[in-house]
Every structure is written in C-alpha cells, then in structure tokens.
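Some notes on the structure that comes next.
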Amino acid sequence: MTPDRLRLLVPVMALAALLAGVFYMQPRAASYNGLNLLLNLAVPIALATIAQMLIMAVNDLDLSMGAFVSFVACVTATYLKDAPALGLLILAASVVIYAGLGVIIHLRNLPAIVVTLGMSFVWTGLAVLILPAPGGSSPDWLRGLMTVKPPLVPMAIVASVLIALVAHLLVMRSTLGVRIRALGGNARTVARSGTSVIATRAAAYALAAVFAILAGMALVGLTTSADANIALRYTLLSIAGVILGGGEFIGGRVSPIGAVIGALTLTLAGSFLSFLRISPDWQIGAQGAILILVLALRLLFNRLEARR
Amino acid sequence: MQDPVLQVHDIAVRFGEVTALDGVSLTIAPGECIGLVGHNGAGKSTLISVLNGSLTPQRGTVGGQPYDVARARALGVRCVFQELSLCPNLTITENTRIAHRDLPVLGWRKLARRIVRDSLDAIFPGHGIDARAQVGELSIAQRQMVEIAMAFSSPAAPPRLVILDEPTSSLDAGLAAQLLAHVKRFIAQDGAVILVSHILDEILSTATRIVVMKDARIVAERPAGEFTQASLVQAMGSSARELTARRAQITGDDVLSLSLPHGLPFHARKGEIVGLAGLGGHGQTRMLLALHEAHAPQWWPAATPAVTFVAGDRRLNGTFDLWSILKNMTAAALPDLARYGLIRSGEETAQAATWKNRIAIRTPDLQNPILSLSGGNQQKVLFARALATRAPVVLMDDPMRGVDIGTKQEVYRIIRDEADRGRTFVWYSTEMEEMGLCDRVYVFREGAIVAELVGDEISEHAILAASFKGAA
C-alpha cells in the first residue's frame, strides 16, 4: 500500500466510526432524508476545505477563507439574484484579486498569514456594505440545485463524491496540480525547471478562489439567505479539514479526497455530539477532542510505517 | 571543429563584496567531458549557476544572446545539483513532469514514467527503483540516481550538455562507476558533460579536459592526460599535507555504548575517534541518530550536553538559513554563554571570533547571513557549533560531503586536536581516507556492524572486503 493511501485510511476510519456512532444513537438517520440532513451542510465546507487545501499546497495559509466565503454568500444572495451579470463580474473580479494576492505574497516575500488576515477584514467589510443586515435570497436555480433529490443517493453524498473527484483530477492528476504541489515541496526545483513560480502560485490562489466561491454559493443555496458573518467558522474548519484529511501545513502534501472526508467528519462530529446530548457549551471542546484523537491515530500510523 | 555546445566569454559575478567569478571564459564542445575542480569558494558553483541560466553575470556573454533558465533548457543544458533538488512530496513520475516542461499535456504520466525508467535502466542497471514511488521514500543515493537519470533523459530533443555537480558524493563505489561509465558513453555520442568532483580519481579517469579554478578565475585548462593527481592538487593551490599519524591503541573507559539488534555491539572510549564505514545507507546514520536519542536530553536542555551532532545534510538539518554566521555558530553553546537565561552578547561574539580564527571561516564579518558562505565554509560553521559546546562526544554524519581538500585537512587537524584533549568522535563517512584518520572503524552492512578494525588493520582493502562480504 502506498503511503498516500495509508494516510487516507485514518480519515476514512474516523468517518466510518462517526457514522456508525450516529446510526447507533439515532437509527432513523440511516435513511435518504436523514443522511441528506446530516451531511448537506458539509457540501460548502468541503468546497472551502478544497480551497484552503490549494493554498496550503503552496505552503501558505488562508486566514480569510471564512470572510471570503461570507462575502461570496452576500454577493450571491443579492447581486447574483437581482443582477446576475454584475454578480458574476464581482465574483470574477474576486478571483483576479486572489491571483493578485498570490503574486504579491510571492514578489514581496510576505507571510501569507498576514496578508490573508488583512484581507479577511476587507472581505468582511465589503460583505457588510453589501448586506448590512441578514437577508437577501438565493437565486432559484441555485436553490433548486442544492435541494435536488437524485434517486437512491442523497444530494449531499453525490456532491461530496463529485467535489472529491474533480479536485483529485485537478490537484493530483493534472500538470497544473503537480506544479502547485511541487511549489510546496521544493520551490527551487520549480524555478530551475523554467516554470514560472509566480504564475504557479497565482494559479493556486485563483483556483482556491473558484472553490471558495462555489462554497459560498452552495451555502446560500442551502440556507436561502445570507449574512456578513455566515461562514466565519469556515476558516478554521477548512484548515482542520485539510489536516484531518491527511494534509500537512508545509511540504505540499495534500489529499483532495482526504480533505472532503475531513470536512464530512467535522460536520458529522457536531451532529454526533448533539445526539450524545452533550451541551453546546462543551461541543467545541469535544470537537477538539475528536480532532486530537484522529491526529494521534495518524501519528501512530506514521510510526508504524516508519518501523516497517 | 564542431560548433560549441555553449560558450561563455569573460563573465564576472559579484555578490556584494565577494567576487565569485572574475573574467571566466569557457567553450564547451560536443563530445567532451570537462572536469571542473577547485577549492570550495573557487567559483565552481557560481559558474554552474551561470551556465544553467539561473544567475545572470554582471559582465560578459553567455551563449551569445539573452540567456536564462528557459533558454538554457532549450539549448539542451541540464544540471544535477550538489544538494538534492527533487520535490520530496511528489512521485518520481511527477518530478519528471516538473523537470521536463515539453511533455505533452495529455498522457504525460505514461511517457514520463517510460523515459525516467529507460534512463535509470541505461545508467544504473539493476537499480530497483519504481517510478511510481514517492521521492520522500527514497534513500539519498536513490534520489541522486533519479536526479541523474532525469537529467540524461528527455521526451523530445536529447540533452546536449549535462552538468554534474558532485554527482557521486551520495553514491557508493559501484553506482559511481556505473555513472562514470555512462558519462563516457554519453560523450562518445557527442554529448557534453561538465563533471565537478572532489574525488580526483574520477576526474582524471573520466574527463577529457580539466579546468582548474582558484579564487574566481580559471588558472589551468589542459587535456586530462597532462595532469596527475599531484599536479592537479598543486594547480588547485592546496598542498596535500600528511595525515596525522594514528596513536597507540586507546584504553579508556567507555563513554558510549549501544547494542544493535544484529551484529557486533558498538562502544566508544574517551578520546577515541571511531569511524563508521561501509556503503552509503547501510545503517550508519540510523545508528548515529539512535546514539543521539539515547544520550541527548529529551525534555529539558542539560547544562552540559552528553552528545552533539554535526549533520551532513546541512540544508535539511544543519543551518538556520535566516540567521547570521555568528548565531549559527553559537546556537548549541548558548547555555554556556548565558547568565540567568539571558545571552551575554560580549561572550557570544568572543566565542564566535575564537572559532572563526581556529577553523578559518572565510568571511569579512560574522554578522553576514550564513548563506553568504560557500558550502565548505557553512560546514565549518557547523563544526564550530558542535565543538564550541562542552559535550564530550561529537557525532558526525558524513560531515565532509562536498567539502574541498584544503578545508578537510584543516578540519581533520582540529578533530585530532580535540580528540587528544579527550573528546570522543563518532564519524560516519563515505570517504575511505577519512576512515584512515580513525583510531577504530566499524564496518556496516545491511544495518548491522559486520567488522571492527583497530589501528593498523584499517585499510581500504579491509573495509571494502567487509562491506562486500557475502555480496555477489
């Protein structure tokens, strides 16, 4: 078994264990509707996690992920519904801004954490300007897309598989994906091969913005309205999802399939704790405990692997 | 005469106050292997950076037109660097994709896998490396093999000039011989090779022409046949000093001991220099790390550490790249330089200055960043860091990789001095002559100690015999 597959085993096991726990506590969850309800909020989180993963693949960290997804949600719930052309233009411009961030971070050799932290205030500010009070509404086609009922398997699972597949093709199989990961692994090698490091980093950021935009839109499609603070949790959730899924903070080691599974696991962890009747006061702590447990498991696996 | 592959004329490169190249001209013709030799800091690495396009000289012309990395690759110039430069998180196939930009967009995996496998088969028959393996999983020797194979391979136009910077430093004798044989085949087919090596035998046996660099200039350039080992060393300007004679057998108390799962147990006495020999990657580094783990404090730094470590892979676990030379040098001895937990900067500067003089680190100012030094001088800083501590045992993990002869001699002398004062050295090295400096040598094979040689028993023949015993 390749080390990458072995890495994937831990998140898969964690997800399976949580699912088993949920089904045991609440057997009615093991149904078409039950699964959809449990997991549909995981779809935007999975998309945001993929976005974060692309940034982490080039050894950076995006602390504006939550603010940006909130901003996109606000644009989606207002402009994209009322003036689709303008809405699309705004979203396209934000992709360009993300690519520009990648360029600036590279050229000025700035820490991405600082730049994106700064940008998070910009995004939140813009979101508040667009939607000072919670409101807006989802474009009908988006609402329809997010509530579609495919036969046999609920939307949440179909969407998750689709996201994982597309991201896997893009990041693990395509030339661009290899270049992005190579940049995280050894930037000098990329430069020496004659590939533009700036273009590669900009592409990683732009691609991340596209996935983050999809996350914001999916979120509005599910909740039908938006709020400037709707997705602030996503910053840390997306980072946790990447790590949970077998990714690393540095070195370009990422796994798109793992990241999606990580996002599903994090979403399920919340429901599981509710089913256990753990008071919301303790839930964040308990969620952290689950995270530590899974990471400890991964460490154990790494040790076993090293001993072989 | 055929058109040259690449021509550089009168180039000069300066880094701040350091002149790295000064009026260097070189013409590389097809079908020749240029042996490039010189001290550390003589300008070899800079010349290579210019040739592969990653450095633009302040003066002079390269290749006759604007020259950069893309242009160099278009001309068929490939480079294998001294420090390994693959992406450890990618598979070999994916690394090939990065190296070869001219692979097709679709179906590149299959093609990349094929060309790297073919090239590996051609250069290192029986290599046993799977192109789908992740580079991070490979040993240093295997990574070097992959990098060399990648440089000699191509999806379209074959490479015309391959620059090999210390290619054999991580390879054992058998693999090195395979590589040098391939270099000869390659130049027979009108390829050109620039071979940089500190192993003069390799240069003398493989190169057709030898270029000697000293102090940023080319000081000698003649057909290889006109050089001998002695005349080469003379041209480089370092005099091959006699090795310090070994002392009588040391009988003291053991300061270190470790029993390994297989083979003979390890022990080292006070004031002894213990060598770890054998082919590269046969468990020597692992034992050094085990020794370090067993004796270094795990939780809280001890005032007097029991062991200190000199890393061979200085990029990976040696230098603090962003720090000055001074801070790099004193990093291990800070408890001695501090009072009430605060560093006394006067003492720190004094200690660093002492060591700068003692092991002759060539820099105008210790406040310069560590990366302003040449590789050999960086390695000296790591030695100074280890020796400046009060640790009675120094573990050395092939610390002389890619260090020039002059520097080596200086360091050998210091090691001998320190040993005479009662320090114990455990020294893993892939170079035979360094084993000749040890009081006692353990030979490793397949993760176990298979032989112990004491004093006069230590010889190249005895070490080779033990390393290859039982092998086909």
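Mean separation of Cα pairs under 8 Å and 6+ residues apart, divided by the residue count of chain B: what relative contact order is that in percent?
Rounded, it is 17 percent for chain B.
Could you pull out every residue, at least 5 positions away or on a different chain, whose amide H is within less than 5 Å of the one on B:Leu256? Hs are placed 1.01 Å off N in the peptide plane, and Pro or chain starts have none.
B:Ala268
Among A:Ile180, B:Ile370, which comes first, then next, by fewest other beta-carbon atoms within 10 Å?
Sorted ascending by nearby Cβ count, the order is B:Ile370, A:Ile180.
If I take the Cα coordinates of the protein assembly as shown and project them onto the principal axes, what are the three extents in Å, biggest first?
Principal-axis extents of the protein assembly as shown (Cα, largest first): 85, 67, 58 Å.
At a 10 Å Cβ-Cβ cut-off, how would you order B:Tyr67, A:Tyr205, B:Tyr428, fewest neighbours first?
Fewest-to-most ranking of B:Tyr67, A:Tyr205, B:Tyr428: B:Tyr67, B:Tyr428, A:Tyr205.
Could you tell me how many degrees, from 0 to 90 and to the nearest 10, lie between the Cα long axis of helix B:284-295 and the main elongation axis, the longest principal axis, of the Cα atoms of chain B?
30
From Cα pairs below 8 angstrom and at least 6 apart in sequence, can you work out the relative contact order of region A:3-302, rounded to a whole percent?
With pairs under 8 Å counted, the relative contact order is 37 percent.
For region B:379-395, take each phi angle, set θ = phi - 60°, evaluate the Karplus expression 6.51 cos²θ - 1.76 cosθ + 1.60, and give the result in whole Hz per residue in order, putting x for glycine and proline.
5, 4, 4, 5, 5, 4, 4, 6, 6, 6, 7, 9, 4, x, 10, 10, 9
With springs only between Cα atoms under 10 Å, which of A:Ser271, A:Ser120, A:Ser160 fluctuates most in a Gaussian network model of chain A?
A:Ser271
To make sure I understand, if each residue's beta carbon is the centre and we count other beta carbons within 10 Å, what order do A:Val254, B:Val196 fall in, fewest to most?
B:Val196, A:Val254
Mind checking the mean number of beta-carbon atoms from other chains within 10 Å of the Cβ atoms in A:167-180?
Neighbouring Cβ atoms belonging to other protein chains average 3 per residue here.
Could you give the Stokes-Einstein D for region A:161-213 in µm² per second, using the C-alpha Kirkwood radius, 4 °C, 1.567 mPa s?
Taking Rh from Cα pairs, D becomes 113 µm²/s.
Can you give me the span-like helices of chain A, meaning DSSP H runs with 20 Å or more of Cα extent along the axis and Kyte-Doolittle mean at or above -1.0?
Counting only whole DSSP H runs, the qualifying helices are A:3-25, A:42-57, A:84-107, A:112-130, A:197-223, A:256-275, A:280-307.
When chain A is treated as a GNM, springs tying every alpha-carbon pair under 10 Å, which of A:Gly102, A:Gly262, A:Gly245 comes out with the largest mean-square fluctuation?
A:Gly102
With +1 on the Cβ of every Lys and Arg and -1 on the Cβ of every Asp and Glu, and nothing else charged, how large is the dipole of region A:3-302 about its Cα centre, in debye rounded to the nearest 20?
Working: 17 positive and 8 negative charges, 139 e Å.
In total the dipole reaches around 660 debye.
Give, rounded to the nearest 20 debye, the magnitude of the charge dipole that the protein assembly as shown has about its Cα centre when Lys and Arg contribute +1 at Cβ and Asp and Glu contribute -1 at Cβ.
Once rounded to the nearest 20, the dipole reads 1500 debye.
Identify which of A:Leu170, A:Leu219, A:Leu266 has the largest mean-square fluctuation in a Gaussian network model of chain A, with springs joining Cα atoms closer than 10 Å.
Result: A:Leu170 has the largest fluctuation of those listed.
Could you pull out every residue, at least 5 positions away or on a different chain, whose amide H is within less than 5 Å of the one on B:Val211? Hs are placed 1.01 Å off N in the peptide plane, and Pro or chain starts have none.
Sorted by chain and number, the residues that satisfy this are B:Gly35, B:Leu36, B:Val37.
State the dimensionless ratio Rg/Rh of region B:42-166 (Rg: radius of gyration of Cα atoms; Rh: Kirkwood radius).
0.98
Working only with C-alpha atoms, what are the Rg and Dmax values of chain A, expressed in angstrom?
Taking only Cα atoms of chain A, I get Rg and Dmax of 19.2, 60 Å.
Note down the Stokes-Einstein diffusion coefficient of chain B in µm²/s, whole number, using a Kirkwood radius over alpha carbon pairs, 37 °C, and 0.692 mPa s.
Result for D is 139 µm²/s.
Taking all pairs of different Cα atoms in region B:60-114, averaging 1/r and flipping that mean, what Kirkwood radius in angstroms comes out?
13.1 Å is the Kirkwood radius here.
B:Gly275's amide H: which non-local residues (gap 5+, or another chain) put their own amide H closer than 5 Å, with H modeled 1.01 Å from N in plane and none for Pro or chain starts?
Under 5 Å from the amide H of B:Gly275: B:Trp427, B:Asp439, B:Arg440, B:Val441, B:Tyr442.
How large is ³J(HN,Hα), in whole Hz, for each residue of region B:261-267 in order, when computed from phi with the Karplus curve 6.51 cos²θ - 1.76 cosθ + 1.60 and θ = phi - 60°, using x for Gly and Pro?
Each residue of region B:261-267 in turn: x, 10, x, 6, x, 9, 8 Hz.
Read-outs: derived from the displayed coordinates by stated rules, not from any lab. Everything quoted here is computed from the prediction, not taken from an experiment. Heads up, the Cβs are rebuilt from the backbone with ideal geometry, glycines too, and the neighbour counts pull from every protein chain shown.
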